[in-house]
Amino acid sequence: MFRHPIGKENLFANLAVASILSTVAGMVNVVGFLAIQKLTTNVTGHFAFFIEAFDRFQFWEGIIYLYYIFFFLLGAFCSNLLIEWLIRTARKYAFTLPVFLEILLLTGTGLLMPMFLKKNTDAIAFLLLFSMGLQNAMVTKISAANIRTTHLTGLFTDLGIELSQWFFYHSIEQKKKLARSIQLRFTIILFFFAGGVLAGLVYNRLQGLTLLLAACILLVGLLWNSIKKLFHDH
């Protein structure tokens with residue numbers, strides 16, 4: 001599923017990638033909030049918290065929010081750096097390796113969460129924000145900036161614009177293109193919500209191990225072509 005760029009026109013591939021990654025993002029969002037009461041899939045709120053601390057002259061308290069923002073940025077930076085390097089050296093792994101790295105990060109965070117909760121809760125936020133920056137950059141690259149999966153603000157903005165355009169687009173081709181885009185936006189929102197609900201339902205039982213479930217979903221996406229081939233051969 002993550003072997004080749006999918007562009008903007010391949011609706012099925014866009015929906016498949018969006019479903020997998022938005023489910024994972026929804027799960028990470030809820031696990032981060034339940035475990036440490038922090039935002040771990042986007043940085044918009046951290047800017048607000050930083051400014052609030054700054055206004056109260058609590059500069060050192062506010063620095064932590066800059067670290068949160070930095071780790072999301074670092075994840076995006078490392079993701080694209082890895083992709084650009086692999087495109088030039090081992091093209092077939094350009095998108096699969098960042099996904100594999102995200103799987104390792106989520107698995108490690110889930111397994112080590114009991115220790116982090118006792119010693120350093122910020123480490124959980126750093127790792128999850130790095131993972132989401134990594135994911136967001138990867139899916140932006142593979143989909144030609146057609147998919148965003150880690151936050152919903154831009155999605156609802158795009159959806160509102162496209163729903164309003166429905167009243168003004170009249171040609172069949174325009175309607176079809178707009179319908180595909182609206183379908184993609186709804187899919188991302190739906191699966192982000194579904195991932196959050198799933199994480200909320202299992203967190204009380206699994207705690208940090210809920211992230212291993214998210215990692216397994218990513219692994220299914222990573223191995224999807226091999227899984228399809230296996231069932232087809234049988």
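Within the range 1-45, being in contact (Cβ under 8 Å) with a residue 60 or more places away in the chain and among the polar types (S, T, N, Q) holds for Asn14, Ser19, Ser22, Thr23, Asn29, Thr40, Thr41, Asn42, Thr44.
Which ones in the range 117-137 are hydrophobic (A, V, I, L, M, F, W, C) and in contact (Cβ under 8 Å) with a residue 60 or more places away in the chain? Walk me through it before giving the result.
Within the range 117-137, the first condition is being hydrophobic (A, V, I, L, M, F, W, C), and the residues that meet it are 117, 123-130, 132, 134, 137.
Within the range 117-137, Leu117, Ile124, Ala125, Leu128, Leu129, Met132, Ala137 qualify.
Examine the range 2-21 for a residue that is out of contact with any helix residue (DSSP H, G or I) (no Cβ under 6 Å at 6 or more places or on another chain) and within 14 Å of Thr150 (Cβ to Cβ), and state whether such a residue exists. Yes, there is a match, as at least one residue in the range 2-21 is out of contact with any helix residue (DSSP H, G or I) (no Cβ under 6 Å at 6 or more places or on another chain) and within 14 Å of Thr150 (Cβ to Cβ). Tallying residues that are in a loop (DSSP other than H, G, I, E, B), surrounded by fewer than 14 Cβ atoms within 10 Å (Cβ to Cβ) and not hydrophobic (A, V, I, L, M, F, W, C) within the range 156-175 yields 2.
Right, Val139: within 22 Å of the chain's Cα centre (by Cα) and crowded, with 23+ Cβ neighbours inside 10 Å or not? When the stated conditions are applied, Val139 passes them.
Apart from one condition, Thr153 fits all of (1) surrounded by 14 or more Cβ atoms within 10 Å (Cβ to Cβ); (2) in contact with a helix residue (DSSP H, G or I) (Cβ under 8 Å, 6 or more places away or on another chain); (3) among the polar types (S, T, N, Q); the exception is (1). Filtered by the rule that a residue be open to solvent by 70 Å² or more (accessible area, probe 1.4 Å) and within 20 Å of Met27 (Cβ to Cβ), the range 176-208 gives Phe186, Leu190, Phe191, Phe193, Leu201, Asn204, Arg205, Gln207. Leu11: under 15 Å from the mean Cα position of the chain (by Cα) and of a type outside the set (Val, Ile, Thr), yes or no? For Leu11, the condition - under 15 Å from the mean Cα position of the chain (by Cα) and of a type outside the set (Val, Ile, Thr) - is not met.
The values are calculated or read from the model by the stated rules, or taken from the named source; none is laboratory data. All values derive from a computational prediction rather than experimental measurement. No Cβ is skipped: glycine too gets one built from the backbone with ideal geometry, and neighbour counts run over all protein chains shown. Accessible surface areas use protein heavy atoms only, side chains included; no ligands, DNA or RNA. Shrake-Rupley method; radii C 1.70, N 1.55, O 1.52, S 1.80 Å.
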